[in-house]
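The values are calculated or read from the model by the stated rules, or taken from the named source; none is laboratory data. Quick caveat: nothing in here was measured; it's all calculated off a predicted structure. Reconstructed Cβ throughout: ideal geometry from the backbone, glycine too, with neighbour counts over all protein chains shown. Ligands, DNA and RNA are stripped out before the accessible areas are found, and what is left, the full protein with its side chains, is counted by its heavy atoms. Shrake-Rupley method; radii C 1.70, N 1.55, O 1.52, S 1.80 Å.
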Amino acid sequence: MERMLFHYLRFAVIRPILKTRLSLFAVVFLLLAQGSSAAGELALSSPAFVPDREFPRLIRYVQDGWDLKRGMGEERPYREMFPPGATLHAVLRNGSDHSVEIDQVLLNGMDLSRHLVPRHREHSGIRAASYLLNDATTTPATIREHLEQLGAPIWYQVRPNPIPAGGFAEVVVRLRRLPEPRRLELAVTGSEGERAKVRLWRERPAALSIASACFSEGIDRVFLYLRHSDEEEFELRSVEVDGVEVKQRSGECWRSCAGFLPLELPLKRSWDHGSFHHLRVRTKDGLEAAAVVRARDAFFALGMWGYRNHGDTDEERAQDTCATLRDHWFNTHMGMGHNGYLDRAEGLAMLAEMGLRRMTEDPDPSNNGNLQLYARFLLDEPDAHEHAIEALPGHLRVGSYAQGLVERQRQWTRSDPRTLTLLNVDLTFKPENWLIYGRLPDIFALDPYYTMRLLDAYGKHPGWLAQYCHPYYVYALSEIARFASEPHPLHVILNSVSYRDEEITFRYGTPEEKRIEFYYALAAGAKGISYWWFTPYGRYRGCGADDEGARAMMQEMRRLNAEARALEPLLAASCPAAEPGRVLDPLMSTRPPWLMARTLFAGPSTAIIVLVNRDHASDRLGTLYEPIPKAPVTFRVPPWMEPAVVFRLAQGQVERVAWTREGDLLHMTLNDIH
């Protein structure tokens, strides 16, 4: 059934949507039962002051972390519990005919490259950086006080660095708190003394943003998604790609709906995988948004971590693990195990034969630029290891390894310009950890392990059970991470183990839980989903075990992977219409009220609606849910679309859906939602 489903959708539905020049529209129902200045030839432009978004409705899911004294249900203002920080952005252009390396980044005259240097506590080859850890010679008390007033900078990055001739880079500075000065000046200095600066204003936060930039399979089209922070409507005046204005095509709509606008931009030539490019838009009322993004293909990672020791040699064991992943429609081995076999030529050849990509770590001449590489793993859970930096107060430890990771990422990108980087951030110091680290890597990952939350509720904190009897936890955390990482892709890691020790044995996730977690991750805009882990040994007994619960979960993963791979080009190109943390979707209305809807757009011609039946509860024994026999749903048609085809994908079945139209509203009725 999975194989038939994959081929039916892939060839009968996806390719016509992607290839046809007609105005074809498909709604896929994936159901669960201020200015710039330059010195020399450097120029800074498009300054953006982006304060942290607040997520008061999601606070119950992030409150169980390090700040335990507030974990007893006290109601406090969100800002009091989690004081917001901010991220500063600007675009840097090298107008010269030679590459330029940036040596200094200054904030109101303070040289961050002097005071944020990785030279303190080491973990996995990364050293901590914080001006609070520096001695008085490096950072005198007066300088420290000034940095505190500027919002306590945590890390900065210029990417790419060096900047090629005629190229663009993005300058990013992360602040722990909102700065005191109303006006900020961001400046950079090149290796030959070139300098550029730009001003930002605290009272003028960026209203328009590039929410996501995705690409076609051949990287010859860009899918660009724009969002107004207050959902106010806007209309574009201009679009630029690498400094060249893109002309509006006949019939193309540049007007938003609910403050959201998708664009599809054909490129004159295909971009190289991993290359850096500049995107900028301006609205008719004077708003601007810009970003420098890395090109990638239309790959949606469906991955598994870990290994299984079935066989006598590394080759045999890798063959068994990878064949099992292939047969369950995974397309990515996320790493761990096999003693480096998969990084060698014979291992990479085996991955290619099986249609699998691989996440690896340090660059190596033997695999740099290899087509089978999904990403390079910068570090696992830096926030968890920052807890051990005892020289800092607890609430100031998170982010200490960020500047070291910036340097590692720069070195790795220079060694292997094709392969993207991935950073996984854990649940320590949340939500600050995601907000601090989200914009640093190419791919930002988080690991909201729902089954472990249930285990904690039964084993440690029974008072938490009410908030973890449903997997909404996965969606809540992914929404915060989405805001933190935009416009970079988000990767969500789900749990796939049974915890076992002398005191407790806790079950594997049920198939129903895996399905609802998977679609919550899709609804939050994930561009990749993986599971930790396959390894069936130790306390965390992975899904590679020959246990009934593990086998049932693996079969459900196979069905989910088949559904996602059938829609892979669309999912890889998609972006949620709702701004992160919004309660209701701005384009969908549903009944009953426990049927949740989220709209993703894959360019302007295709909408993917994820519907989730939330009449569901889980406990230590398993899962209960009540199907919805009949559900009326209404889709608000945006101005850039003209509906033509509607079909439903649910529980491995595909069916056409009848609809009627009333003005800009599309009405449908769906039966038997499980």
Out of the range 62-102, which residues are open to solvent by 50 Å² or more (accessible area, probe 1.4 Å), at pLDDT 95 or above and outside any loop (DSSP other than H, G, I, E, B)? 93
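What residue, among those in the range 487-502 that are over 30 Å from residue 441 (Cα atoms) and out of contact with any Gly (no Cβ under 8 Å at 6 or more places or on another chain), is surrounded by the most Cβ atoms within 10 Å (Cβ to Cβ)?
Kept after step one, since they are over 30 Å from residue 441 (Cα atoms), are these residues of the range 487-502: 498-502.
Among the residues that remain, those that are also out of contact with any Gly (no Cβ under 8 Å at 6 or more places or on another chain) are: 499-502.
Working: 499: 19, 500: 13, 501: 11, 502: 6.
Here the residue is 499.
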Please determine whether any residue of the range 127-148 is hydroxyl-bearing (Ser, Thr, Tyr), open to solvent by 30 Å² or more (accessible area, probe 1.4 Å) and modelled with pLDDT of 95 or more. yes
List the helices (runs of 4 or more DSSP H) inside the range 363-438, counting only whole elements, that have at least 3 residues being among the polar types (S, T, N, Q) and open to solvent by 10 Å² or more (accessible area, probe 1.4 Å). 402-415
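Considering only residues that are assigned to a loop (DSSP other than H, G, I, E, B) and at pLDDT below 95, which ones fall in the range 547-575? Show your work before the answer.
Here is the first cut: in the range 547-575, the residues assigned to a loop (DSSP other than H, G, I, E, B) are 547, 567, 573.
The answer is 567, and nothing else.
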With criteria (1) assigned to a strand (DSSP E or B); (2) modelled with pLDDT of 95 or more; (3) under 31 Å from the mean Cα position of the chain (by Cα), residue 661 comes up short on (3)
Scanning the range 537-568 residue by residue, the ones that are farther than 30 Å from residue 621 by Cβ and open to solvent by 10 Å² or more (accessible area, probe 1.4 Å) total 2
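Residues checked against (1) over 21 Å from residue 624 (Cα atoms); (2) at pLDDT below 95:
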| position | (1), (2) |
| --- | --- |
| 429 | yes, yes |
| 436 | yes, no |
| 447 | yes, no |
| 461 | yes, yes |
| 473 | no, no |
| 482 | yes, no |
| 496 | no, no |
Has the range 440-462 got at least one residue that is charged (D, E, K, R), open to solvent by less than 20 Å² (accessible area, probe 1.4 Å), closer than 30 Å to residue 622 by Cα and in a loop (DSSP other than H, G, I, E, B)? yes
Within the range 624-637, can you find the residues that are open to solvent by less than 30 Å² (accessible area, probe 1.4 Å) and assigned to a strand (DSSP E or B)? 628, 631, 633, 634, 635
From the residues in the range 586-603 that are assigned to a loop (DSSP other than H, G, I, E, B) and open to solvent by less than 30 Å² (accessible area, probe 1.4 Å), which one is nearest to residue 211 (Cα to Cα)? 603
So for the range 250-269 (the condition being open to solvent by less than 60 Å² (accessible area, probe 1.4 Å), within 30 Å of residue 410 (Cβ to Cβ), not in a strand (DSSP E or B) and not acidic (Asp, Glu)), does at least one residue qualify? yes
Here are the criteria: (1) buried (at least 17 other Cβ atoms within 10 Å of the Cβ); (2) within 22 Å of residue 301 (Cα to Cα). Tell me which single one residue 277 does not satisfy. (2)
Can you find a residue that is in contact with a helix residue (DSSP H, G or I) (Cβ under 7 Å, 6 or more places away or on another chain), surrounded by 22 or more Cβ atoms within 10 Å (Cβ to Cβ), within 24 Å of residue 123 (Cα to Cα) and of a type in the set (Gly, Ala, Ser) anywhere in the range 466-479? no
Right, residue 344: open to solvent by 10 Å² or more (accessible area, probe 1.4 Å) and farther than 18 Å from residue 421 by Cα or not? yes
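Just name the residue that is nearest to residue 424 (Cα to Cα) out of those in the range 322-341 that are small (Gly, Ala, Ser) and crowded, with 17+ Cβ neighbours inside 10 Å.
The initial filter retains those residues of the range 322-341 that are small (Gly, Ala, Ser), namely 323, 335, 337, 340.
Okay, now just the ones that are also crowded, with 17+ Cβ neighbours inside 10 Å, so 335, 337.
Numbers: 335: 13, 337: 18 Å.
Ranking the candidates gives 335 first.
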Is it fair to say residue 654 is open to solvent by 10 Å² or more (accessible area, probe 1.4 Å), modelled with pLDDT under 95 and either assigned to a strand (DSSP E or B) or among the polar types (S, T, N, Q) (or both)? yes
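One line per residue, one yes/no per condition, for (1) open to solvent by less than 20 Å² (accessible area, probe 1.4 Å); (2) in contact with a Gly (Cβ under 6 Å, 6 or more places away or on another chain); (3) of a type in the set (S, T, N, Q):
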| position | (1), (2), (3) |
| --- | --- |
| 179 | yes, yes, no |
| 184 | yes, no, no |
| 193 | no, no, no |
| 201 | no, no, no |
| 205 | no, no, no |
| 222 | yes, no, no |
| 233 | no, no, no |
| 242 | no, no, no |
Looking at (1) within 24 Å of the chain's Cα centre (by Cα); (2) closer than 18 Å to residue 535 by Cβ, can you tell me which one residue 369 breaks? (2)
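Test of understanding: among 607, 578, which residue is part of a loop (DSSP other than H, G, I, E, B) and open to solvent by less than 10 Å² (accessible area, probe 1.4 Å)? Explain how you work it out, then say what you get.
Details: 607 fails: part of a loop (DSSP other than H, G, I, E, B).
Criteria check complete, one pass: 578.
Conditions (1) over 19 Å from the mean Cα position of the chain (by Cα); (2) part of a helix (DSSP H, G or I); (3) over 25 Å from residue 441 (Cα atoms), marked per residue:
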| residue | (1), (2), (3) |
| --- | --- |
| 271 | yes, no, no |
| 296 | no, no, no |
| 307 | yes, no, yes |
| 317 | yes, yes, yes |
| 346 | yes, yes, yes |
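Results for (1) basic (Lys, Arg); (2) modelled with pLDDT under 95; (3) under 26 Å from residue 495 (Cα atoms), shown as yes or no for each residue.
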site	(1), (2), (3)
325	no, no, yes
343	no, yes, yes
357	yes, no, yes
368	no, no, no
375	no, no, yes
382	no, no, yes
385	no, no, yes
393	no, yes, no
402	no, no, yes
